[in-house]
1. Got a number for residues in segment 82-113 being crowded, with 18+ Cβ neighbours inside 10 Å and either in contact with a Pro (Cβ under 6 Å, 6 or more places away or on another chain) or under 14 Å from residue 194 (Cβ atoms) (or both)?
2. Any chance segment 124-147 includes a residue that's part of a loop (DSSP other than H, G, I, E, B), modelled with pLDDT under 95 and in contact with a Pro (Cβ under 9 Å, 6 or more places away or on another chain)?
3. If I filter segment 270-292 for residues that are closer than 20 Å to residue 176 by Cβ and under 22 Å from the mean Cα position of the chain (by Cα), do I get at least one hit?
4. Could you give me the residue pairs with C-beta distances under 9 Å whose first residue belongs to segment 93-118 and is in the same structural domain as residue 19 (by TED's automatic domain parsing) and assigned to a loop (DSSP other than H, G, I, E, B), whose second residue is among the aromatic types (Phe, Trp, Tyr) and surrounded by fewer than 21 Cβ atoms within 10 Å (Cβ to Cβ) wherever it lies, and which are 6+ apart or on separate chains?
5. Just to check your reading of the model, which residue among 182, 235, 240 is assigned to a loop (DSSP other than H, G, I, E, B) and either modelled with pLDDT of 95 or more or more than 30 Å from residue 17 (Cβ to Cβ) (or both)?
6. Quick one: which residue in 184, 144 is at positive phi and surrounded by fewer than 19 Cβ atoms within 10 Å (Cβ to Cβ)?
7. Does residue 17 satisfy the condition of being over 30 Å from residue 314 (Cα atoms), touching an Asp or Glu at 6+ places or on another chain (Cβ under 7 Å) and surrounded by fewer than 22 Cβ atoms within 10 Å (Cβ to Cβ)?
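The values are calculated or read from the model by the stated rules, or taken from the named source; none is laboratory data. Keep in mind that this is a model prediction, so the values were computed, not measured. Here the Cβ is made from the backbone with ideal geometry for all residues, glycine too, and neighbour counts use every protein chain on show.
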Amino acid sequence: MGKSGKIGVVAIGRNEGERLRRCLQSIPENVPVAYVDSASTDGSVDYARTQGVEIVELDLSRPFTAARARNEGLQAMLRKWPRLEYIQFVDGDCEIEEEWLGAAERFLSSEQSVAAVCGRRRERYPERSFYNCLCDAEWNTPVGEADACGGDAMFRTDALAQARGYDPTLIAGEEPELCHRLRGLGWRVWRIDHPMTIHDADMHRTRQWWLRTVRSGFGYAQVWRKTRQSLGRPLYGRQLFSALAWTAGVALVGILFGMLIGPVGLAIAPMLWLLQFGRLAMREGARSALHTLAGKVAETIGVLRYAWSVIVSTNPGAIFYK
């Protein structure tokens, strides 16, 4: 556990209920905590107050994003505890593993060029739904130097100050974008082989998965545009190309072949999808293959939603899937 007095925790949440209770109870008593709430109606704020944590209630007259919540939590922590050297961010639907804070602090203390460290986030109930199982596989990222971390990670406060925190305008992908800027400033990001958090996706319906995937597509487009002119190549170029190629690209190929050889040519598009489905099904199973391909459609919808928001100059809020 973190007992050095150098660590603080920022938890963010919205109507997390029992998940928030587990989250706050998993943090050692001697570690200062700020809880950032986004208009919960389930008593989350009242419960957090009983735990003696610093409360930040977001003003929702401004669009909500997780990035903005983390920034405001960080600012509240440093106003009250200005000497903190490390901040652990955690989502309110996650429980911090018992030995994680100490392990992360020791790693950052020994690796002075590392700005952020994360460990293994795992699903609490991967066996309860196909979508929970997908999340558990998503969290199992390679160990070693990484391009980015996820929502749960420990950061150096001086590195966060140098990078000016998260970009509060980003709907999704705020962690990779922050890590991208940190790496541009000469910092490194690391994933160590250690249990970090237990996540409770509680995702049982296709609609939840669909909205989450639409949000990913929105985030891909937004972060790609934000990083296009920054150091290195823009983020999420491969994901954007894949989504658009398997939707608009395949449809365009079908139309072109239809114009060239007649109605038979229109069959090219569904044939390409069937061939890709067969290839993926042999590798990962039919159900996963179906969701991979359907996910391209959802991601493309997210990309188009972002493009429309740029065209009409709107400032969209978060896309919630719970």
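1. 9
2. yes
3. Taking segment 270-292 as the starting set, the residues that turn out to be closer than 20 Å to residue 176 by Cβ are none.
No, there is no match, as no residue in segment 270-292 is closer than 20 Å to residue 176 by Cβ and under 22 Å from the mean Cα position of the chain (by Cα).
4. Once the first residue is in the same structural domain as residue 19 (by TED's automatic domain parsing) and assigned to a loop (DSSP other than H, G, I, E, B) and sits in segment 93-118, its partners that are among the aromatic types (Phe, Trp, Tyr) and surrounded by fewer than 21 Cβ atoms within 10 Å (Cβ to Cβ) give 113/187.
5. Working: 182 fails: assigned to a loop (DSSP other than H, G, I, E, B); 240 fails: assigned to a loop (DSSP other than H, G, I, E, B).
From the options 182, 235, 240, the qualifying one is 235.
6. Numbers: 184 fails: at positive phi.
None of the others qualify; the one that does is 144.
7. On the way: over 30 Å from residue 314 (Cα atoms): yes; touching an Asp or Glu at 6+ places or on another chain (Cβ under 7 Å): yes; surrounded by fewer than 22 Cβ atoms within 10 Å (Cβ to Cβ): yes.
In short, yes.
Quick grid of which residues meet (1) over 19 Å from the mean Cα position of the chain (by Cα); (2) surrounded by 14 or more Cβ atoms within 10 Å (Cβ to Cβ); (3) basic (Lys, Arg); (4) not in a loop (DSSP other than H, G, I, E, B):
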position	(1), (2), (3), (4)
27	yes, yes, no, no
31	yes, yes, no, no
36	no, yes, no, yes
47	yes, yes, no, yes
63	no, yes, no, no
